[in-house]
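The values are calculated or read from the model by the stated rules, or taken from the named source; none is laboratory data. Predicted model only: the values in this text are computed from it and were never measured. All Cβ positions, glycine included, derive from the backbone under ideal geometry; neighbour counts span all protein chains shown.
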Amino acid sequence: MGKMHFKAKGAAVFGFCAALHIGASAQSTSPNVLFIAVDDLRPEIGAYGSLEVKTPNIDELAAISYKFNRAYVSFPLCQPSRAAMLSGLRMANNRMPDGSKGSFDDQIKIQKTWPTLFKEADYWTATTGKVYHGNAPHSEKQVWDVNGGVWTHGNDWSEEIVSRIVDSGGRPEQLKQYLEGEYNLGALAWASVEGDDLLFTDGMVRRDFRDYIYNQRDKDKPFMMAIGFSRPHLPWVAPRKYFDMYPEDAGTIAPIPEGQSKALDPVLEVQVSNGGMWNEGLTDAEAKRAIRAYMASTSYVDAQIGKVIEYLKRTGTYDNTIIIFWGDHGYFLTDHGLFRKGIEYDKSLRHPLMIHLPGQKDTVEMDQVVESVDIYPTLIDLAGIEKPADVTLDGDSMVGIMNDSTAIWDNEAFVSGKKRTYGYVNQDIHFSFRGRDQSDVRLYNLKEDPGEWTDISDSPKYATWINSLRERVKDAWNLENQ
C-alpha cells in the first residue's frame, strides 16, 4: 500500500521509543507484549469522549497510550477483521485476497502471522479467549506455548447462569433461543445475572491470564500474550452489578437528522437479517434497554482489563510490557435503524486502538487514518523483529508517526462490507461501491455529515474523483482479477 515513506529498523525504533519514556537502560531488554482484543467494541467509551459508557480502566490505559482516533478495519465482521489483523493482509468475509472463497483457517495460513514471528524470536507465548475466530486453528497451535481456548464458552449460557437471571430482554424469539440453550451468538438478547465475574467467559479469560503471568510463563524469556474478551458481543449477558451502574433508561437512541426518514436504506434491507424492521422491531424503550445491556457488558469487560493490568504490575512485568488494545470493529446501536455490524458505514468500520509503550506517562492523540493491517508491521517493529522476505504486508509500521506526527503518512484506509461492498476512507470522505457490477456508488463527506446520511455521489463535480477512487479501490482489493 505504501502509506509510510519513513522507515527505521525495528530494534532502533524500539530503543528510540523507549528512550522517550524510560531511558536508555531499558533498551537492552526485549519488551514483553500483551495484545488485548475486545469483541464488537465501538470507539465510544470514556477514552473516546463518551459521557455514558463507564470504562475507568480502559480510560486509564488510554491516558498513558498512543490513542488512534481514526482506526479502520478491512471488513466489519469478526472473521475477516481478525484474519486481516493476524495476517497483515486485507480480507473480505470468507474470501481470500485473490477473491476465491476461503475459511478463516485458510486466510491465516496464507503466510506467517505475527504471533508466529514472536514465537520464532524465542518469546514465551500464550493465548486465551477470542483472539482468533474461535479457538486457535491447527495451523497456529504450534505458535503457542500455552493455548487456553476459552472462547468455546462465548455464548455465556449454562443452567446455572439462566437460573440466576434477574432481568432480560431483546428480540422475543432470540431471547427465547438464548434462554432455552440454543447456541446463537448473534441473538439480540440480554440478561442481567446475579453472579460473580468468574461465572462468565471473560472472567475465565482474566483467570487464565493470571495463571499465565504468575505461574506458567518462562521467566527467562520475554513473553508475548494475546487475550480476547467476548463481550460486548451478543448476547449481552453480564453480572447484575454492571447493569446497576446504569439507570434503566441509560441507553440513547441514535438521532435522525432533520429531513431524513425513519426507514432503512433499501440497499441495507437486503444486507441485514432483520426483516426490514427499524431497530430490528424493538420499540424505543426496548432499544434503550438493549443499549444499556451493551454498556453493562462493556463495563464488565473493562473490569477484567483492570485486573489484567493489575496482575502485570504485581508481577513486576508492567514496566517492560508493550500493551496493544484493539477492538475488532465498530458497532451499530440504532444508528441508521441498525444493531450489529457488517454494513460498510463508519460506525461499523471504525474501532478503538491504543498502544502503550513501557514507561509512557501521558496520552498521545493520533488523528491519522490507520488500518488494522498496520498492526502486524508495527508490533514486529516495536519488538525489533525482522520481517521475513516471504511475508508480504498490506499495511505499514505506525512507529514512524508515533515518533513524529509530521512523518509522511497517506491517511487512508481501504475497506469492505457485505454484498460485495468495497470502499475507501480518508480524513474527509468515505467512498464505496456495491455489487458485482460496482454500479451502486456512495460518497459521504465525513466532516459535514459524520453520520453518513447524505450521499453526494450524484454531484457532477465529484465524477472525475469518483472514477479515480474506483480504480484505487479495485487495485487495493485486486478486483480486476476476481
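Quick check, is Pro76 under 21 Å from Thr392 (Cβ atoms) and outside any strand (DSSP E or B)? Spell out the reasoning first.
Details: under 21 Å from Thr392 (Cβ atoms): no; outside any strand (DSSP E or B): yes.
For Pro76, the condition - under 21 Å from Thr392 (Cβ atoms) and outside any strand (DSSP E or B) - is not met.
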Tally, over the range 39-65, of residues that are surrounded by fewer than 17 Cβ atoms within 10 Å (Cβ to Cβ) and farther than 18 Å from Val364 by Cβ: 3
Test result for Gly327, out of contact with any helix residue (DSSP H, G or I) (no Cβ under 6 Å at 6 or more places or on another chain), under 19 Å from Ala226 (Cα atoms) and free of Cβ contacts under 8 Å to residues at least 12 places away in the same chain: no
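From the residues in the range 447-482 that are hydrophobic (A, V, I, L, M, F, W, C) and not in a helix (DSSP H, G or I), which one is surrounded by the fewest Cβ atoms within 10 Å (Cβ to Cβ)?
Within the range 447-482, the subset hydrophobic (A, V, I, L, M, F, W, C) is 453, 456, 463, 465-466, 469, 473, 476-477, 479.
Then drop every residue that is not not in a helix (DSSP H, G or I), which leaves 453, 456, 477.
Numbers: Trp453: 13, Ile456: 15, Trp477: 23.
Ranking the candidates gives Trp453 first.
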Filter result (in a loop (DSSP other than H, G, I, E, B) and crowded, with 24+ Cβ neighbours inside 10 Å) within the range 84-104: Gly88, Arg90, Met91
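When the residues of the range 434-455 are filtered to those that are more than 20 Å from Tyr72 (Cβ to Cβ) and either in contact with a helix residue (DSSP H, G or I) (Cβ under 8 Å, 6 or more places away or on another chain) or aliphatic (A, V, I, L, M) (or both), which remaining residue is modelled with the highest pLDDT?
Narrowing the range 434-455 to residues more than 20 Å from Tyr72 (Cβ to Cβ): 435-440, 454.
When the remaining residues are screened for being either in contact with a helix residue (DSSP H, G or I) (Cβ under 8 Å, 6 or more places away or on another chain) or aliphatic (A, V, I, L, M) (or both), the result is 438, 440.
Values: Gln438: 79, Asp440: 87.
Ranking the qualifying residues of the range 434-455, first place goes to Asp440.
Have a look at Ser50, Ser81, Ser30, Ser65 and point out the one that is in the same structural domain as Thr298 (by TED's automatic domain parsing) and over 18 Å from the mean Cα position of the chain (by Cα).
Numbers: Ser50 fails: over 18 Å from the mean Cα position of the chain (by Cα); Ser81 fails: over 18 Å from the mean Cα position of the chain (by Cα); Ser65 fails: over 18 Å from the mean Cα position of the chain (by Cα).
Of the residues listed, the single one that is in the same structural domain as Thr298 (by TED's automatic domain parsing) and over 18 Å from the mean Cα position of the chain (by Cα) is Ser30.
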Residue match in the range 418-429 (condition: in a loop (DSSP other than H, G, I, E, B), within 19 Å of the chain's Cα centre (by Cα) and not aliphatic (A, V, I, L, M)): yes
Residue within the range 426-446 that is surrounded by fewer than 14 Cβ atoms within 10 Å (Cβ to Cβ) and of a type in the set (Gly, Ala, Ser) present: yes
Residues being within 15 Å of Leu41 (Cβ to Cβ) and touching a Lys or Arg at 6+ places or on another chain (Cβ under 8 Å) - total across the range 336-350: 3
Residues within the range 105-152 that are hydrophobic (A, V, I, L, M, F, W, C), closer than 14 Å to Met224 by Cα and either in contact (Cβ under 8 Å) with a residue 40 or more places away in the chain or surrounded by fewer than 19 Cβ atoms within 10 Å (Cβ to Cβ) (or both), tallied: 8
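Across the range 329-342, what is the number of residues that are assigned to a strand (DSSP E or B) and either crowded, with 24+ Cβ neighbours inside 10 Å or modelled with pLDDT under 95 (or both)?
Filtering the range 329-342 down to residues assigned to a strand (DSSP E or B) leaves 332-333, 339-340.
Restricting the remaining residues to those that are either crowded, with 24+ Cβ neighbours inside 10 Å or modelled with pLDDT under 95 (or both) gives 339-340.
Qualifying residue count, the range 329-342: 2.
Could you list, in sequence order, the residues of the range 234-251 that are assigned to a loop (DSSP other than H, G, I, E, B) and buried (at least 17 other Cβ atoms within 10 Å of the Cβ)? Break it down stepwise before answering.
Quick first cut of the range 234-251, residues assigned to a loop (DSSP other than H, G, I, E, B) only: 234-235, 244-251.
Those that are assigned to a loop (DSSP other than H, G, I, E, B) and buried (at least 17 other Cβ atoms within 10 Å of the Cβ): Leu234, Pro235, Tyr246, Ala250, Gly251.
Which residues, taken from the range 196-218, are basic (Lys, Arg) and outside any loop (DSSP other than H, G, I, E, B)? Can you show your working first?
So in the range 196-218, the residues basic (Lys, Arg) come out as 206-207, 210, 217.
Within the range 196-218, Arg206, Arg207, Arg210 qualify.
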Residues of the range 224-252 that turn out to be modelled with pLDDT of 95 or more and more than 25 Å from the chain's Cα centre (by Cα), as a count: 4
Any hit, the range 168-188, residues being touching a Gly at 6+ places or on another chain (Cβ under 7 Å) and exposed (fewer than 13 other Cβ atoms within 10 Å of the Cβ): no
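Kindly indicate whether Val270 is surrounded by fewer than 18 Cβ atoms within 10 Å (Cβ to Cβ) and either modelled with pLDDT of 95 or more or of a type outside the set (D, E, K, R) (or both). I'd like the intermediate steps shown before the answer.
On the way: surrounded by fewer than 18 Cβ atoms within 10 Å (Cβ to Cβ): yes; either modelled with pLDDT of 95 or more or of a type outside the set (D, E, K, R) (or both): yes.
Against the criterion (surrounded by fewer than 18 Cβ atoms within 10 Å (Cβ to Cβ) and either modelled with pLDDT of 95 or more or of a type outside the set (D, E, K, R) (or both)), Val270 qualifies.
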The range 273-283, subset surrounded by fewer than 16 Cβ atoms within 10 Å (Cβ to Cβ) and part of a loop (DSSP other than H, G, I, E, B), residue modelled with the highest pLDDT: Thr283
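I'm trying to understand the selection: among the residues of the range 105-114, which are in a helix (DSSP H, G or I), under 17 Å from Asp394 (Cα atoms) and either out of contact with any Lys or Arg (no Cβ under 9 Å at 6 or more places or on another chain) or of a type in the set (Ser, Thr, Tyr) (or both)? Show your work before the answer.
Here is the first cut: in the range 105-114, the residues in a helix (DSSP H, G or I) are 105-108, 114.
Restricting the remaining residues to those that are under 17 Å from Asp394 (Cα atoms) gives 107-108, 114.
Answer for the range 105-114, where residues must be in a helix (DSSP H, G or I), under 17 Å from Asp394 (Cα atoms) and either out of contact with any Lys or Arg (no Cβ under 9 Å at 6 or more places or on another chain) or of a type in the set (Ser, Thr, Tyr) (or both): just Trp114.
Name the residue that is nearest to Thr321 (Cα to Cα), counting only residues in the range 34-47 that are charged (D, E, K, R) and either modelled with pLDDT of 95 or more or outside the structural domain of Arg350 (by TED's automatic domain parsing) (or both). So that I can check it myself, show each step before the final result.
Going through the range 34-47, the residues charged (D, E, K, R) turn out to be 39-40, 42, 44.
Okay, now just the ones that are also either modelled with pLDDT of 95 or more or outside the structural domain of Arg350 (by TED's automatic domain parsing) (or both), so 39-40, 42.
On the way: Asp39: 22, Asp40: 25, Arg42: 25 Å.
Among residues in the range 34-47 that are charged (D, E, K, R) and either modelled with pLDDT of 95 or more or outside the structural domain of Arg350 (by TED's automatic domain parsing) (or both), the one nearest to Thr321 (Cα to Cα) is Asp39.
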Subset tally (residues that are touching a residue at least 24 places away in the same chain (Cβ under 8 Å) and closer than 18 Å to Ala92 by Cα) for the range 431-459: 5
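For Lys221, indicate whether it is surrounded by 15 or more Cβ atoms within 10 Å (Cβ to Cβ), in a loop (DSSP other than H, G, I, E, B) and over 26 Å from the mean Cα position of the chain (by Cα). Show your work before the answer.
Values: surrounded by 15 or more Cβ atoms within 10 Å (Cβ to Cβ): yes; in a loop (DSSP other than H, G, I, E, B): yes; over 26 Å from the mean Cα position of the chain (by Cα): yes.
Judged against the criteria, Lys221 is a match.
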